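Asker: Okay, handing you the structure first.
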Amino acid sequence: MEQGSKKPAVGHSPLETAKKYAGLASDSREVKKGFLFAAIPGSKADGAAFVADAVSRGAAAVLGRPEIGPAVAKLGVPFIANENPRAELARYAAAFYGAQPAVVAAVTGTNGKTSITVFLREIWTALGKRAASMGTIGVVTPTGTIKLNHTTPGPIELHRLLAQLKQDGIEHLALEASSHGLDQSRMAGMDIAAVAFTNITRDHGDYHPTFEAYLACKLRLFRELARENAVAVVNADAAHAEEFAAAAKLRRLRLLTVGEKGDGLKLVSRSVGNDGQTLQIAYDGRTHTVALPLVGAFQASNALVAAGLAISLGEEVKGVFAALENLKGAPGRLEKAAYAKSGAPVFVDYAHTDDALANVLTALRPHTRGKLAVVFGCGGDRDKAKRPLMGAVAKKLADRLIVTDDNPRSEVPAAIRAEILKGCPSAVEIGDRAAAIRAGIEALAEGDILVIAGKGHETGQIVGDKVFPFSDRDEAVKAAVELGGRPAEHKP
């Protein structure tokens, strides 16, 4: 598809040509001599407008949609025409960096992706594998964590990281496949051995025009990206599970369904304890008892998906179930942060949709002997329709509510809170998040539980165009200690 001066030529594949470039860039400011510049159409800017800048910086060739060919030709550099330059850039990145861990499992869905990828990494690690996870909390490896700007990184960063992991001796990777990443073909060129579906509910309405479009994006992981004969694990208890199962069967993937309705790993029963739950799981004609050290039905579901991936990828059943009993979980995912002076626990969770908030509050209710309290807000410049829905869920499932600021971004914080309060008009409103957390902890009596929802693992609060240091966990610990309580045991 490379050409000289006039028409796009057809012939060379990314694998054949990528290595001849000094590097790849989709931001003209990052171009250096000998780079391939990808002119990607975006929602805020079109890369075609920056081709001249890229060439002036030394771009050796330009990748873009066919219609920009004549303009590129005038600049005297080769042009690579493709109807989907995003996907083609990802394939070039895969060929350029040329390596990835041998076993890659990708997880999609609305909620649970982070927990499942972390659980799978922990299972593999417990079984003696050098493993990593990649997603919202960054790239977590045996030696540390690499921060990411996106749940699924852009294709150049993604394939660079994959090669780095391979070079570091990591052969097992669990990564989150976000709807944005799937829609923008960031994962094209990857060799994916296993795919999984958690659940799907309304989310990212600011990006996807309809729920059907959002669902179609998620299905692309099963329909397009899994390798031939790959493993597919589906949470059979989730809405739309049948569509993911059908996509797996159509692609002839090795399907395993999990959950109460699952016919692979079937959840026979679940009993709640003080600090966890006991699962009875049927698999291959036998029933296994697993003491899961995490609370909530949704965490049981996440654990089953992770176990299903590990088993389907060849790990021994006994070892996988033993590893489940020692899961630590992902930071900011129903993480116990502190205890109030009364002994009441304080949890931090990333729940930022109405469905996720409902799952968290439902999970904690059986452990609550007194009142269930929640501190939460909604992010600015995001789906506005979910704000009153989150308020309504909190009103229905919690006993005490404090509405506060999340990441207001460019919006007026008070206006965001007002929209939430339409669903829970009797809630207490405290705009300052630190003050809201302190008030929530101060009100805790023996037998109560508080969950601080929305930001989870995040260590900053976005106000306007600035990011201020802020951690829900750290603020909870600070307030609890100042009020006579103590930190919970730290989970790395």
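Bear in mind these aren't lab numbers, they're just calculated from the coordinates by the rules spelled out. From a predicted model like this one, the values you see are computed outputs, not experimental measurements. Positions of Cβ are backbone-derived with ideal geometry, glycine not excepted, and every protein chain shown enters the neighbour counts.
Asker: Quote the relative contact order of the stretch 2-86 in percent (integer), defining contacts as alpha-carbon pairs under 8 Å separated by 6+ residues.
Answerer: Dividing the mean separation by the residue count of the stretch 2-86 yields 32 percent.
Asker: Also, quick follow-up: Excluding same-chain residues fewer than 8 positions from Lys44, which lysines have a Cα within less than 21 Å of its Cα?
Answerer: Lys384, Lys466
Asker: Provide the gained length on full extension for the span Arg160 to Ala415, in nm with one decimal, where the gain is 0.36 nm per separating residue minus the Cα-Cα distance.
Answerer: Full extension from Arg160 to Ala415 adds 87.7 nm.
Asker: Same structure again: For the stretch 99-324, state what percent of all Cα-Cα pairs lands in each successive 10 Å bin, counting from 0 Å until the bin that includes the largest distance.
Answerer: Percent of pairs per bin, in order: 8, 36, 38, 17, 1.
Asker: Set the Förster distance to 56 Å, then compute FRET efficiency between Arg365 and Lys32 from the Cβ-Cβ distance, nearest 0.05.
Answerer: The calculated FRET efficiency here is 0.50.
Asker: Let me ask something additional. Please name which of Leu182, Leu357, Leu304 has its Cα lying farthest along the dipole of the chain towards the positive end, using unit charges on Cβ (Lys, Arg +1; Asp, Glu -1) and the Cα centre as origin.
Answerer: Comparing the listed Cα positions along the dipole, Leu182 ranks first.
Asker: Continuing with this model, one more query. Could you give the nm distance between label points at Ala392 and Lys147, where each point is 7 Å from its Cα heading toward the beta carbon?
Answerer: Placing both labels 7 Å along Cα→Cβ, they lie 3.8 nm apart.
Asker: In whole Hz and in residue order, list the ³J(HN,Hα) couplings for the stretch 428-445 that follow from phi through the Karplus curve 6.51 cos²θ - 1.76 cosθ + 1.60, θ = phi - 60°; x for Gly and Pro.
Answerer: 7, 10, 9, x, 5, 5, 5, 5, 5, 5, 4, 5, x, 6, 4, 7, 6, 9
Asker: What FRET efficiency comes out for Leu483 versus Ser269 if R0 is 60 angstrom and r is the Cβ-Cβ distance? Round to the nearest 0.05.
Answerer: 0.95
Asker: Could you give the length gained by full extension between Arg254 and Thr287, i.e. 0.36 nm per residue of separation minus their alpha carbon distance, to one decimal place?
Answerer: Stretched out fully, the Arg254 to Thr287 stretch lengthens by 9.7 nm.
Asker: Please give the FRET efficiency for Val317 paired with Ala52, using the beta carbon to beta carbon distance and R0 = 60 Å, rounded to the nearest 0.05.
Answerer: Plugging the Cβ-Cβ distance into 1/(1 + (r/R0)^6) gives 0.50.
Asker: With an 8 Å cut-off on Cα pairs and a minimum separation of 6 or more residues, tell me the relative contact order of the stretch 335-487 in percent.
Answerer: Worked out over the stretch 335-487, it gives 35 percent.
Asker: Where the only charges are on Cβ atoms (+1 Lys, Arg; -1 Asp, Glu), what is the dipole of the stretch 49-107 about its Cα centre, to the nearest 20 debye?
Answerer: Dipole about the Cα centre, nearest 20: 80 debye.
Asker: If you don't mind, there's one more thing I want to ask. At 7 Å along Cα-to-Cβ for each site, give me the label-to-label distance between Lys19 and Asn84 in nm.
Answerer: The modelled label-to-label distance comes out at 2.6 nm.
Asker: Same structure, new question: Based on the alpha carbons, how large is the Rg to Rh ratio for the stretch 276-404 when Rh follows Kirkwood?
Answerer: Result for the stretch 276-404 is an Rg/Rh of 1.04.
Asker: Still on this model: How many angstrom lie between the C-alpha centres of the stretch 28-106 and the stretch 271-328?
Answerer: First find each Cα centre; the distance between them is then 44 Å.
Asker: For the chain, what relative contact order do you get, as a whole percent, if you take Cα pairs closer than 8 Å and at least 6 residues apart?
Answerer: After rounding, I find 11 percent.
Asker: If the chain between Lys341 and Leu215 were fully stretched, how many nm would it gain, using 0.36 nm times the residue separation less the Cα-Cα distance?
Answerer: 40.9 nm
Asker: Determine the alpha carbon to alpha carbon distance for each of Lys395/Lys455; Lys266/Lys371; Lys336/Lys478; Lys318/Lys455 and list only those over 24 Å.
Answerer: Pairs exceeding the cut-off: Lys266/Lys371; Lys318/Lys455.
Asker: Which of Lys147/Lys386; Lys129/Lys166; Lys166/Lys218; Lys218/Lys249; Lys113/Lys328 have a Cα-Cα distance over 19 Å?
Answerer: Lys147/Lys386; Lys166/Lys218
Asker: Would you calculate a helix-derived [θ] at 222 nm for the chain, using -39,500 (n - 2.57) for each DSSP H run of n ≥ 4 and dividing by the full residue count, to the nearest 500?
Answerer: Result for the chain, helices only: -9500 deg cm²/dmol.
Asker: Taking the Cα-to-Cβ direction at Glu224 and at Asp191 and moving 7 Å from each Cα, how far apart do the two end points lie in nm?
Answerer: Each label point lies 7 Å from its Cα, and together they span 2.2 nm.
Asker: I've got another one for you. In degrees from 0 to 90, rounded to the nearest 10, what is the angle of the helix 386-397 Cα long axis to the longest principal axis of the chain?
Answerer: 30
Asker: By counting other Cβ atoms within 10 Å of each Cβ, how are Arg382, Arg486 ranked from fewest to most?
Answerer: Fewest to most other Cβ atoms nearby, the residues stand as Arg486, Arg382.
Asker: Still on this structure: Bin all alpha-carbon pair distances of the stretch 335-487 at 10 Å intervals from 0 and give each bin's fraction as a whole percent.
Answerer: Calculated P(r), rounded to whole percents: 13, 46, 34, 7, 0.
Asker: Next question. For the chain, count all C-alpha to C-alpha pairs, find those more than 36 Å apart, and express that count as a whole percent of the total.
Answerer: Tail of the P(r) past 36 Å holds 35 percent of the pairs.
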